[in-house]
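Visitor: Got a structure for you, questions after.
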Amino acid sequence: MVRFFHLPSRFAQYDNWRNFSALDLRHIQRLHVVGGLTSFKDATPAATAPVACRLNHPRTPGIFYGANPLDDSFSALILDISFVILLIHIIHLLLRPFHQPKIVSQVLGGFIIGPSVLSHNKNFRQQMFSEDISFLLSNVGLIGFMYFLFISGVKTDLSLTKKSGKKEFFIASFSVIVPLILNITFALLIRKTMNKSLAKFSSIGAITSSLAITAFPVVHPILHELNLLSSEVGRMSMSVSIISDAVGINALVAFEAAIQGEVEWKSSIWYLISLIVLVGFIVVCVRRVMRWIVRRTPEGQAVEQGFIVAILLAVLVMGFLTDLFGIAILNGPLWLGMAIPDGPPLGSTLVERSETIISELLLPFSFAFVGLCTDVFQMVNAGWSNLAPLFFLALAGHFFKFGSTLVASLFFQLPLRDSLAVSLIMCLRGQVEIVLLIHWIDKKIITIPEFTMMILMTVAVTGIATPLISLLYDPTRPYMINKRRTIQHLPPGKELRVVLCIEGQENVAALVNLLDMSNPTTSSPFSIYALHLIELVGRAAPVFIDHKKCKTPSKYTASDSIHNALRIYEEARGELVKLHTYTAVAPKRSMNQDICELALIKKTNLIVLPFGRTSTGDSTVGLHPVNKSVLEHAPCSVGILVDKCNLHSPVVGQSFWNSAQQFAVLFLGGADAREALAYADRILGNQDVCVSVVRFLSHNSRGDNELEKKLDDGMVTWFWVKNETNERVIYREVVVRNGAETIAAIQSMNDDSYDLVIVGRKRGVNPVLLEGLSNWSQDNELGIIGDYVSSEDFGAAASVLVVQQQVLRGQSHFSSGICGKFRFDFR
């Protein structure tokens, strides 16, 4: 069976295609296929577009019938895309230690399967990436880029341009306009050395304008991989990139119109008219439809499946319309995505249901297509004289971009390291630049050798810049400080400042009860900084909302009910509690930055985090990675509350329990244990609380650190002298020889008489007390003992508060060694 179709110009280099440049199919009378070769007879030539003819092979019956499965296009396509996906992931795994972003692995994966490496072997090329497969990959690859740009548009928060200050606007404008002028000037100086297609003013303008712009869809995923979205540099870079896109897109449109007008000036006019009509349709009609869908969706629920399918189908329709009007085919999907309200419910639903398929399945097609279009051997054969003008123009463009961004950043007195980081971020290249390169091939501005060189430069620039950004800028660097901000070192009569982190409404009651039992007084009131944490989905830019300064956006009204409950508690406590409410919308990887930054700015003494474990003991993802990051970088002490639902009975304005609450403190020594004891001492100011302190000592002082032992003795002596006559305090000591005896002693307390168990996390614990317990811990964030008393093995109904004292800058987290045998002795 014979099929006819148009052959894209970028595939003209394939040897096995039969090209017929002067055929009019209407006049073909007979077609003979002899010996696998195709020939035309009695055909009348006519000036038509090139046509390609290929043989369509039937489905193979299977390998057991002696057939080659790769002869079937579908089977070969499945194998090829599986191979590409696996290759990309292997490369990414190998390059991850070098801080390389995924875009580098994706381009290299496509490059390796292309004619530059594996496909240079003709047998491999014919078996794995035959003409049929190459044609399919090219089309599916373009669809992959369409959906990538669509999802990038959905995530784009255009309101960043309104929220940005003069600094961001100046840096963005300066870093686009100055490089553009310098690039054009440099290009005109070397214009005589360029070939005819590249020397056109429209071609120079298209290339120089793309070099001056930093595409937001490229910057965002790399910042996300570097965990910089919530950092100061990350927020500034995203704002600058969006503004620079808005400034630079005008130049791209102007030069694109010039290219359209090279044949006839009317083409430019029709191009601009089509552009205005299409953008107007998206802004006026499509935007209204999307808002109607949002209004129709009940609060807290996902958008209906039918709407999601319709929108994803509209991506293909927009691609068709832009191609129909002579606009670059990938512009339509991007503009459609930008018309969709970011965040919940519509933007988040679209991203949740489609992003994985797009990034993990469709984009590998795209990079396989790019890789098959690159050929280093053609680049070498083209010669340096043909490639040098474009190479030096691109190199100068990156230099001008870096220098102008650095100058503008230093002008606004950004620290040198931050300025260098921002400048490198603005030089990042990625998917958008690759799409433009493909577009330039279609417009015959560049050829395959030049395309290959630019792809290699894209990988080199991004591959060098990304690890340098990681080296220059550490977002956690400012959080750990040298000044003590702990409960133990808080002077008497001073205000206690607490960051209260809330994941959902189910956390509120237990956290409020804990605060109330912590005994706010007129001499030592509480300042509570309640931070509602929402995972960032469906938008690119994180959001931090101070509810006293701005109104809650409608898409995040879930925070209102949480903050209203806290305000009721504040009103009941009067002057004893001052409440400040915030909402942070960020990826879970960078939520710790919002928490630590708030604690640093507000000079808090304690951060309280909820632990994601249910009353049955099941561990959920929850805030687990966030908690571990906060523990590592917090500028103050940290408490993690494991709520077992026994604290959910608040009575606003009164004590939250009708009878005295029984708290237990497990004192195993070390800085964390001392902080836990200091917190227990504060709780004792509440007349409705009884505290039992159990101190664990090593038999014959084996394994004791003298300095830690002296500090522990001093803390315990201070506590006992202060509370010796207090009938609500019980103190006892237990001597153990190893971890088994420690667990046995703790288990003996398990009589369901305690409502809350307070324990230090792990720092400074005598390793003898934990001998043999290294395999018992599931969650390092709670420490070994904290994990045990909060687990099903302990079986108690008591909630658990695990405390870590502030780690000063330059200190290392103490990790106890574990070894030993099993015996025990109680005293």
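The values are calculated or read from the model by the stated rules, or taken from the named source; none is laboratory data. In this text, all values refer to a predicted model and were calculated from it rather than measured experimentally. Cβ: placed from backbone, ideal geometry, glycine included. Neighbour counts: every protein chain shown. Side chains are part of the model used for accessible areas, which takes the heavy atoms of the whole protein and leaves out ligands, DNA and RNA. Shrake-Rupley method; radii C 1.70, N 1.55, O 1.52, S 1.80 Å.
Visitor: Order these peptides, 78-85, 702-709, by their mean beta-carbon neighbour count within 10 angstrom, highest first.
Guide: Descending packing order for the listed peptides: 78-85, 702-709.
Visitor: Over the range 357-436, calculate the relative contact order: mean separation of alpha carbon pairs under 8 Å at least 6 apart, over the residue count, as a percent.
Guide: 23 percent
Visitor: Just reorder C550, C501 by solvent-accessible area, largest first, 1.4 Å probe, all chains present.
Guide: Result of the area sort, largest leading: C550, C501.
Visitor: With a sphere of radius 12 Å drawn around the Cβ of H92, what net charge do the other residues whose Cβ falls strictly inside it have (Lys, Arg +1; Asp, Glu -1)?
Guide: Cβ neighbours under 12 Å give a net charge of 0.
Visitor: Taking Cα pairs under 8 Å and at least six residues apart, what relative contact order does the range 82-224 come out at, in percent?
Guide: 18 percent
Visitor: Give, as ranges by residue number, the residues of the range 389-426 whose backbone N falls under 16 Å from the point 7 Å along Cα→Cβ of I190.
Guide: Counting backbone N atoms under 16 Å from the label point, the list is 389-402.
Visitor: Here is a further query. Hey, can you find the accessible area per residue of the range 443-533 for me, probe 1.4 Å, expressed in square angstrom?
Guide: Accessible area per residue: 36 Å².
Visitor: Oh, and also: Modelled label-to-label distance, K163 and L86, 7 Å Cα→beta-carbon offset: nm?
Guide: Calculated label separation equals 4.4 nm.
Visitor: Take the range 658-810, drop everything but the C-alpha atoms, weight them equally and run the Debye formula without solvent; then report log10 I(q)/I(0) at 0.11, 0.12, 0.16 Å⁻¹ to two decimals.
Guide: Rounded to two decimals, the profile gives -0.39, -0.47, -0.86.
Visitor: Which pairs in the list K155/K548; K266/K444; K162/K578 are over 29 Å apart, alpha-carbon to alpha-carbon?
Guide: K162/K578
Visitor: By how many nm would the segment from Q505 to R353 grow when fully extended, if each residue of separation counts as 0.36 nm and the alpha-carbon distance is taken off? It would help to have the intermediate numbers written out before the result.
Guide: On the way: separation 152, 0.36 × 152 = 54.72 nm, distance 2.54 nm.
Gain on stretching Q505 to R353: 52.2 nm.
Visitor: Follow-up question, since we're still on this one. For S590, which sequence-distant residues (separation of 5 or more, or a different chain) have an amide H within less than 5 Å of its own amide H, given hydrogens modelled in the peptide plane?
Guide: none
Visitor: Ranked by accessible surface with a 1.4 Å probe, highest first, in what order do W384, W718 come?
Guide: Details: W384 145, W718 110 Å².
Putting W384, W718 in descending order of accessible area: W384, W718.
Visitor: Out of residues 5 or more away from K578 or on other chains, whose amide H comes under 5 Å of its own, with H placed 1.01 Å from N in the peptide plane?
Guide: F526, S527, I528
Visitor: Another question, if that's okay. The range 477-515: which trypsin sites (Lys or Arg not before Pro) are DSSP loop and have at most 13 other beta-carbon atoms within 10 angstrom?
Guide: Within the range 477-515, the qualifying trypsin sites (Lys or Arg not before Pro) (loop, at most 13 other Cβ atoms within 10 Å) are K483, K494.
Visitor: Report the extension gain between E535 and L361 in nm, rounded to one decimal, defined as 0.36 nm multiplied by the number of residues separating them, less their alpha carbon distance.
Guide: Computed gain between E535 and L361 is 60.2 nm.
Visitor: Can you give me the long-range amide H partners of Y473? Hydrogens built in the peptide plane at 1.01 Å from N, cutoff under 5 Å, separation of 5 or more residues or another chain.
Guide: Under 5 Å from the amide H of Y473 lies no amide H from a residue far enough along the sequence or on another chain.
Visitor: What nm distance separates the two modelled labels at E571 and W720, each placed 7 Å from Cα along Cα→Cβ?
Guide: In this crude spin-label approximation the distance works out to 4.8 nm.
Visitor: So for the pair K551, F98, with labels modelled 7 Å out along Cα→Cβ, what separation do we get in nm?
Guide: Label at K551, label at F98, 5.2 nm between them.
Visitor: Could you put K443, K588, K549, K192 in order of accessible surface area, largest first, with the 1.4 Å probe and the full protein assembly present?
Guide: The ordering from most to least exposed comes out as K192, K549, K443, K588.
Visitor: Pairs of Cα atoms under 8 Å, at least six residues apart: use those to get the relative contact order of the range 85-472, whole percent.
Guide: Computed over the range 85-472, the figure is 31 percent.
Visitor: Along the Cα-to-Cβ line of D71, 7 Å from the Cα, sits a label point; which residues in the range 115-131 have backbone N less than 19 Å from it?
Guide: 123-131
Visitor: Calculate what fraction, in whole %, of the accessible area of the range 658-810 sits on carbon and sulfur atoms when a 1.4 Å probe is rolled over the protein chains.
Guide: On the range 658-810, the fraction of accessible area on carbon and sulfur atoms equals 46 percent.
Visitor: Moving on. For Q126 and L313, what is the calculated FRET efficiency with R₀ set at 30 Å and r taken between the beta-carbons, to the nearest 0.05?
Guide: Here the calculated transfer efficiency is 0.25.
Visitor: Using protein chains only and a probe of 1.4 angstrom, how many square angstrom of W720 are accessible, to the nearest 10?
Guide: 90 Å²
Visitor: At 0.36 nm per residue, and after removing the present C-alpha to C-alpha distance, how many nm does the segment from E495 to N750 gain when stretched out fully?
Guide: On the way: separation 255, 0.36 × 255 = 91.80 nm, distance 3.52 nm.
Using 0.36 nm per residue and subtracting the Cα-Cα distance, I get 88.3 nm.
Visitor: Going by average Cβ density within 10 Å per residue, which order do the peptides 522-528, 154-160, 317-323 take, highest to lowest?
Guide: 154-160, 317-323, 522-528
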